[in-house]
Structure formats: structure tokens, C-alpha cells
1. Measure nothing but the geometry: give the 0 to 90° angle between the long axis through the Cα atoms of 123-132 and the longest principal axis through the Cα atoms of the chain, rounded to 10°.
2. How big is the shadow of the Cα convex hull of the stretch 111-171, averaged over all directions, in nm²?
3. Could you compute the FRET efficiency for Ser185 and Val112, with r as their C-beta to C-beta distance and R0 at 22 Å, rounded to 0.05?
4. Can you list the HN-Hα couplings for the stretch 26-34, worked out from phi with the Karplus curve (6.51, -1.76, 1.60; θ = phi - 60°), rounded to whole Hz and with x for Gly and Pro?
5. In µm²/s, what is D for the chain at 20 °C and 1.002 mPa s, where D = kT/(6 pi eta Rh) by Stokes-Einstein and Rh is the Kirkwood radius from Cα pairs?
6. In nm, what is the difference between 0.36 nm times the number of residues separating Lys70 and Lys47 and their Cα-Cα distance?
7. Within the stretch 41-92, list the trypsin sites (Lys or Arg not before Pro) lying in a DSSP loop whose Cβ has at most 12 other Cβ atoms in a 10 Å radius.
8. Angle, helix 169-181 long axis vs. longest principal axis of the chain, Cα atoms, 0 to 90°, nearest 10?
Amino acid sequence: MVACTKCGGRAVIQLKYAGADLCGECFVRQFEKRVYKANRDFRLFRKGETVAAAVSGGKDSLAMLHCLAKISKRIGFEVRPLLVDEGISGYRDKTMEKARQACSSLGLPLVVYSFRDHVGHSTDEIVAKKRAAGAQPGACSFCGVLRRKVLNKAAREIGADKVATGHNLDDMCQTLLMNLLRNDSNGLARFGPAGGDGMESGFVRRIRPLAYVPERESALYCVLNGISFYEGSCPYSVEAFRGPVKNFLNDLEASRPGTKFALFKSLLRFGRGGGDAAEENAGGAGSGGAGSGGPFACGRCGEPSSGRLCRGCELLSSIGC
Ligand code: SF4
Ligand code: ZN
């Protein structure tokens, strides 16, 4: 038996980057301490606020929801789970079921906003349209932009002060590398654990309470807390650039434990460690990108935009939707 470095009990996980083996109880405590640390370092939560928790039904968002439900009682903020249904058949319906179960076990009502209702087209329909035109499906480039837009709208409409997403340490590192490899300096500057501008710009501040949590640890946190999560992945994720970047980082971490934490520190230094309030519009042709002015109301959907059209509407019009 491997002994827990902290209490001497039976260890259930080895954390090579920390040179520690932890039992279930010490691991759960450490996981929650990391969320408190993110809160202290990036001033994520304030007493009296309403925090929308973006859930998908996967391990990260459900671990975050569980953790926020606990922490909110101590700090004194309200948690409102939100799910964006992109309309991906055989996937989102299954993950939604897990999200509903988790919310109901915490006594928190789940608010669902769908692409169909709020942008007029599901991801499946967009992909079908692109395929019919002989183009690459490129599902993620549409889905990611539209999801951020719908999430922002939902959070604003339920009166949330902030929207918390389940991005973990691995996600942050992958995004940093992807932005570097694409030479996307806007992306580098805007992606961090704590959002920037607030409601006055029409964008709800986005926060990432799991920024200090490596991906594999959110799965264990769920298991140890009896949270059932969806283990599959989106059928379109195979197309994403994120996959090879993720494998590269995992290989590096295996040979050089601590690489991901070191990279995350670089992210905080390179970027402003701030956020992506304007992420919705950044980088779009004609939108002018983040920081080009605004916000304006998008001429097509009325959502906040830094140009005449928001990025989501630009993408939809580019395929005749
Ligand atoms: Fe959307 Fe791509 Fe994520 Fe699937 S993998 S939910 S298509 S962004
Ligand atoms: Zn628009």
C-alpha cells in the first residue's frame, strides 16, 4: 500500500508534479483548496453575487458545480447552473441528462438555452449545410463562437454577475499553446482565469475556478464525491486542433512533471491574466477584433458586438444562414 503523504492513509492518487501521494479525503480537500486559491489570486467570487455555472455534463463542469455549491455557502454567493444545447445529436442529449442529475442532487434548477432557439440553427444543421456545399465541416469554429454568445446571453438574462466555466489547467495550457501556434496575440492577451470587463459592456465577466486543477483530477473528484458524469466526447472533437496539442502537452508532462503548471505561470505573465469579455468578437473579419471599440448592438441579433455584426452572425452569414 502506498501511504498518503499528508495523513498516512491509503493513497488513491500520485501527484508527480507535487511529489505527493494522497488519500481520497486529503485529495478532495486539496482540490477545493485550489479553487479557494484561484478565488484569492484572481478575486473570482464576492458575497451577494449571482454566479452562473456553465455545465455540460462532463467531469470538469460537474466537479466545478459541486465545488461551487459548497464554496458559495461559505462565501455567500448564489450559483445558477446553465447549459447551452448546441444541438449535437447522440452527444448533447446524453451529457444533458448527467447535468440534470447533478443539478437535481444539489437542489439547483438547470437553465437550458439552445442554439435552435437563440441562434436559429443547431450545430448539426450548420455542419450539414457546410458539407452540402462541399466545405470542411469545421464544426468547432462555429460551435465555439456561438456557444460563447449564447452562454453570455443566458447569463445576462438570468441576471448573473459572472459566468464560471469548467476550464481546467490543461485547457488553459492548451489554449495558450494553440494561440502561440496560430500567432493569435488577441487570444494570448484575453485568455485567463478571471474575466475583464463587466456588465456595462454587455458581456458577463467569465471566470475559471478550476484554473489550478489538472484535468485528470476533476474526474477523480467526481468519482470520490459520487458524481456521475458523461465520459464520451463530442463526435466533432476529432477535427479539432486541440487534440494534437493536448497529446503533446501530456507527453511533456509525463517526462517533465510540472510542465503544465510552469506553462500556466507563463500564461499569467504573457497575457494580462484577465479575461475574455470581448472574446465573442475577437479576430473576426470586419469586426475589428477585441479592443477596436464598441460595444455596439449587432445589426442582426442585437447582442453586444465590437463591430457592425457580432462574430457569431458573421460566421452564420458566411454560410448563408
Ligand atoms: Fe462544439 Fe467542437 Fe466542442 Fe463539439 S468539440 S461541442 S463541435 S466546440
Ligand atoms: Zn449578432
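The values are calculated or read from the model by the stated rules, or taken from the named source; none is laboratory data. Here the structure is a predicted model, which means the values were calculated and not measured. For neighbour counting, all protein chains shown are included, and Cβ atoms are generated from backbone atoms with ideal geometry for every residue, glycine included. Accessible surface areas use protein heavy atoms only, side chains included; no ligands, DNA or RNA. Shrake-Rupley method; radii C 1.70, N 1.55, O 1.52, S 1.80 Å.
1. Approximately 50 degrees, to the nearest ten.
2. 5.2 nm²
3. My answer for the efficiency is 0.05.
4. Ordered by residue, 3J(HN,Hα) equals 5, 5, 4, 4, 5, 4, 5, 4, 5 Hz.
5. The estimated diffusion coefficient comes to 106 µm²/s.
6. Full-extension gain reported as 6.9 nm.
7. Working: sites: Arg43, Arg46, Lys47, Lys59, Lys70, Lys73, Arg74, Arg92; in loops: Arg43, Arg46, Lys47.
Filter output for the stretch 41-92: Arg43, Lys47.
8. Tilt relative to the chain: about 50 degrees.
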